[in-house]
Amino acid sequence: MTINHQRRKLLILGVGMALTAPRVYAKSVAVPISLTSDASHIHIVVPANDQRSRVFTLDSPHRVVIDVPLEAFPPSLVHSLTVLKQKFPWLVHSQIAHFTPEITRVVLEVNAAPRLQRSQNAGSLTVNLTVPNAVAENLPAAAGVAAPVVKKNLLVMIDPGHGGKDPGAIGNEGTYEKHVVLHIAKRLQTLLDQDHGIHAVLTRQDDVFIPLYHRVSLAHHHQADLFISIHADGFTNDDVSGASVFALSPHGAGSAMARYLSQSENSVDVLYDDDVKTDDPYLKETLFDLDQRETISRSLDFGRHLASNIIKVHHMHSPHPEQAGFAVLKSPRIPSVLVETSFITNKHEEKLLGEPVFQEKMAHALATGINSYLLNEKKNNLLS
């Protein structure tokens, strides 16, 4: 199979960005701040050799203040703050503003006294932030349900496709894919938490553009247990209808439809993202890691759990999970699937996608499938 230069670059980035900590770019210039996390800490990295870079605390209320030499607010930094706010209940509020024209100030308000641990290496200052005595009443509690509940510390990364300058597919009546999938994703997030006690984080909460490689790296960096990308794509034939579930394929698409959809989705970064780049020679040499076979196997199993629940509320274009080279599915360790909830270019399904009742049914089917898969993983000792 012939792979053109741009497609090869996407493939490399889809794998390589998931293998390493994400690099943040603003107009091809490295941003001098990184906000990442593990299960209990926020990791703040700023330049160590620039006196304008500071990390300190304030009281009444408890705040952690970060100053960095940065004249513009990169979307990646704003998005990191959004993800952290969802992940840590003790993070009450975050704000980003100009302290001076050359200094950006990030303020993290927390609900109890923060603990900072500092270390310095290779010109970078790393500050690990946690709140050991977080106020208990601010922590969310899972609603009581009859269904079995998996551990609360599981994390699912929900990826509403497209966004911002990338509208996705557009229906004949003017319905935008990026809007309907965000509605379904937000409802799915709520259902996972309330009905199943599963914490979920969205790659985007608003109508913003997130590059494909950054969606993958977010899931990897936040140590997600599952990744699900939600779409409502279009096709050249308006009669095509039904839902589909896709896992990654290392050998190309399994059908003409899968090939068409994956090529359409993967072209997003080439069309809309000016900052897709890497200076790492290792990433430039990386193609596909065959060690990912186990993850693909688990992704297909995950897809089967989803498909068996989707078919109860909507007909399937294909009754079984298909495989294709979607860039957002290329995490080497996280079971990942892409769900086409319907075809927005189909007149009947475009109408369905705009109805809250259908969105609720689809979100409920996805939540049930996710919970079912995680319970099965736990039963088979594949989850701690």
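The values are calculated or read from the model by the stated rules, or taken from the named source; none is laboratory data. Here the structure is a predicted model, which is why all the values come from computation and not from measurement. Positions of Cβ are generated from backbone atoms using ideal geometry, with glycine treated the same way; all protein chains shown enter the neighbour counts.
On the basis of being farther than 20 Å from Val181 by Cα, in the same structural domain as Ala224 (by TED's automatic domain parsing) and modelled with pLDDT of 90 or more, does Pro335 make the cut? Give the steps one after another, and end with the answer.
On the way: farther than 20 Å from Val181 by Cα: yes; in the same structural domain as Ala224 (by TED's automatic domain parsing): yes; modelled with pLDDT of 90 or more: yes.
So Pro335 passes the test.
List pairs: first in region 313-326 and within 12 Å of Ala243 (Cβ to Cβ), second among the aliphatic types (A, V, I, L, M) and at pLDDT below 90, Cβ under 6 Å, 6+ apart or cross-chain?
Glu322/Ala258
If Asp195 satisfies every condition in (1) part of a helix (DSSP H, G or I); (2) closer than 28 Å to Leu35 by Cα but one, which is the exception?
(2)
Filter region 150-181 down to residues that are of a type in the set (Ser, Thr, Tyr) and in contact with a His (Cβ under 9 Å, 6 or more places away or on another chain), then give me how many there are.
1
Counting residues that are of a type in the set (A, V, I, L, M, F, W, C) and modelled with pLDDT of 50 or more, which helices (runs of 4 or more DSSP H) fully inside region 263-330 reach at least 2?
293-310
Okay, residues lined up against (1) in the same structural domain as Leu218 (by TED's automatic domain parsing); (2) under 19 Å from Leu218 (Cβ atoms); (3) modelled with pLDDT under 80:
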position	(1), (2), (3)
Met1	no, no, yes
Arg7	no, no, yes
Ser40	no, yes, no
Val46	no, no, no
Val78	no, yes, yes
Gln95	no, no, no
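Tell me yes or no: at least one residue of region 232-251 is charged (D, E, K, R), part of a helix (DSSP H, G or I) and surrounded by 21 or more Cβ atoms within 10 Å (Cβ to Cβ).
no
Just one of (1) among the aliphatic types (A, V, I, L, M); (2) under 21 Å from His199 (Cβ atoms); (3) modelled with pLDDT of 90 or more trips up Ala143, so point out which.
(3)
Give the residue, chosen from Phe209, Phe227, that is in a strand (DSSP E or B), assigned by TED's automatic domain parsing to the domain that holds Lys351, in contact (Cβ under 8 Å) with a residue 12 or more places away in the chain and among the aromatic types (Phe, Trp, Tyr). Don't jump to the end; show me each part of the working.
Numbers: Phe209 fails: in a strand (DSSP E or B).
Criteria check complete, one pass: Phe227.
Hey, could you check region 331-375 for residues that are assigned to a strand (DSSP E or B) and not aliphatic (A, V, I, L, M) and say which is farthest from Gly234 (Cα to Cα)?
Filtering region 331-375 for residues that are assigned to a strand (DSSP E or B) and not aliphatic (A, V, I, L, M), the one farthest from Gly234 (Cα to Cα) comes out as Ser336.
Only residues that are touching a residue at least 60 places away in the same chain (Cβ under 8 Å) and of a type in the set (Lys, Arg): list them for region 327-372, please.
Lys330, Arg333, Lys347, Lys351
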